[in-house]
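Here is the structure we will look at, set down as structure tokens.
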Amino acid sequence: MVMDRSDLLGKLYTSALLDGGLSGVLSDLAIIYPELPITYQAQCVYETQVYDCAMFNHGSDAEIHLSQAQSANPFPPIALKCDVSDVAITEHFIRPQDVEKTDFYDEYLKHHREINRAFGIILHRHGADSAFVAANLPRTMKKREERHVLELFRFLRPHLQGAFNLILEVAKRKSTLTNPTFWLDQIPTSACVVSPDGKVQHFNGRAARMFQLARNLYMDKMVRLSARKADTHKALHNALQKASMSSTAVGPVPLVPGRQGGPFAFILPIHEREQIHPGLAPFIAPTLPLLVTIFDPDEAPKKSERILAAALGLSERESLLVQELILGASLREASNNLQISYNTARNQLASATSKTGSHSQSDIIRRGTQILARLGDASLGSGQSEP
């Protein structure tokens, strides 16, 4: 099993922004892994009109046979119990041998790759709206291949979730911008809204940090989106002009010319509710705002201990200890897990408590938990999911 992850991420966001769904990138994934049955379902029709579903590598007539099955599928109810911040592993809820005893296995799974377990990613879950991607594992799949699929899904999870959230946000924003700061911050990467000539109107927190660093893109004195390198600047503004004139999405636009797998941008017109009459369109200059999103495949999701260190002003070792305590370990268990002495753990906890102004071990656990809970891209255990 071989995959160019940078290329896949490029296709992922291309599929999300240009196609309005993930079927395209998942079909590419299915081609790369022909022995891996993949299921995708998005039912978000209450808050938006996003609906999509697809099955890959399940064998011929799989969708027909699935619709004819009379028994309940044992896998979907597991999604209600899963943590969205990690890959769901069905074996944690139902053993493969118990799956094989179900009527649904006899009716469907046995005839379509003998699936008896799965890895799942919850893309979205809010009320009756939900979406997921699952890697359905055949009974004959070896442990080595299974570990590879799990590693792949842990790498893809934050990107798939982020891309799907972007699909939902774009679907909601086909009207005049209202409170753009809120929905821009829901986008899981640097994003800004610009006018057709590149003047920045709104941007999210990640874009603010990007502009502050000014390594590649920045805001010039006229508050226009600019790039350090002349060829990048030209390519970016040509893309803005093309998206504005055609009222269609443009991208990916490479931000480091000549580099394989480097950062890239997408430009997406934000259509307003009141459309211009077709007869007048040729005589009126396009003024649709443009959503610019910047992606860097080399950026890995931050580990939760790094977030704690930055938010609480702790050292890396202190933040690792606090994370262990948040995960439920006692101080002695945490010292064993981190392979440090109990006295060292006590000293680190005392230092962390002092730095944060906490009054006790439970107080610093509470503060750390609140910080991680507020951050959508930070989750306990995300360090294990990082590629």
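The values are calculated or read from the model by the stated rules, or taken from the named source; none is laboratory data. Just so it is clear, the model here is predicted, and its values are computed rather than measured. For neighbour counting, all protein chains shown are included, and Cβ atoms are generated from backbone atoms with ideal geometry for every residue, glycine included. Side chains are part of the model used for accessible areas, which takes the heavy atoms of the whole protein and leaves out ligands, DNA and RNA. Shrake-Rupley method; radii C 1.70, N 1.55, O 1.52, S 1.80 Å.
Calculated FRET efficiency, LYS172 and LEU327, Cβ-Cβ r, R0 30 Å, to nearest 0.05? Walk me through the numbers before you get to the answer.
Values: r = 35 Å, r/R0 = 1.16.
Given R0 = 30 Å and the Cβ-Cβ separation, E is 0.30.
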Add +1 for every Lys or Arg and -1 for every Asp or Glu among the other residues with Cβ under 15 Å from the Cβ of SER335, and state the total. 0
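If R0 is 25 Å, what FRET efficiency do you get for SER71 and ASP129 from their C-beta distance, rounded to 0.05? Numbers along the way, then the final one.
Working: r = 26 Å, r/R0 = 1.03.
E(calc), rounded to 0.05, equals 0.45.
Output the relative contact order of region 9-56, whole-number percent, from Cα pairs under 8 angstrom with separation of 6+ residues. Write out the running numbers ahead of the final one.
On the way: 48 pairs, mean separation 13.5, N = 48.
Relative CO of region 9-56 lands at 28 percent.
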In whole Hz, the Karplus estimates of ³J(HN,Hα) for region 22-31 (6.51, -1.76, 1.60; θ = phi - 60°; x where Gly or Pro) are 10, 4, x, 5, 6, 5, 5, 4, 5, 5
Point-to-point label distance, ASP19-TYR218, nm (Cα→Cβ direction, 7 Å offset): 3.8
Heavy-atom accessible area of THR39, protein chains in place, probe 1.4 angstrom, given in Å² to nearest 10, is 30
Rounded, prolate or oblate: which fits region 72-145 when a ≥ b ≥ c are the square roots of the eigenvalues of the alpha-carbon gyration tensor, with rounded for a/c under 1.5 and prolate only if a/b beats b/c? prolate
Alpha carbon centroid spacing (whole Å) that separates region 186-252 from region 77-131: 41
Rounded to a whole number of µm²/s, how large is the Stokes-Einstein D of region 1-50 at 25 °C and 0.890 mPa s, given Rh as the Kirkwood radius over C-alpha pairs? 205
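Put LYS234, LYS355 in order of accessible area, largest first, 1.4 Å probe: what do you get? Kindly include the intermediate steps, with their values, before the conclusion.
Numbers: LYS234 135, LYS355 105 Å².
Result of the area sort, largest leading: LYS234, LYS355.
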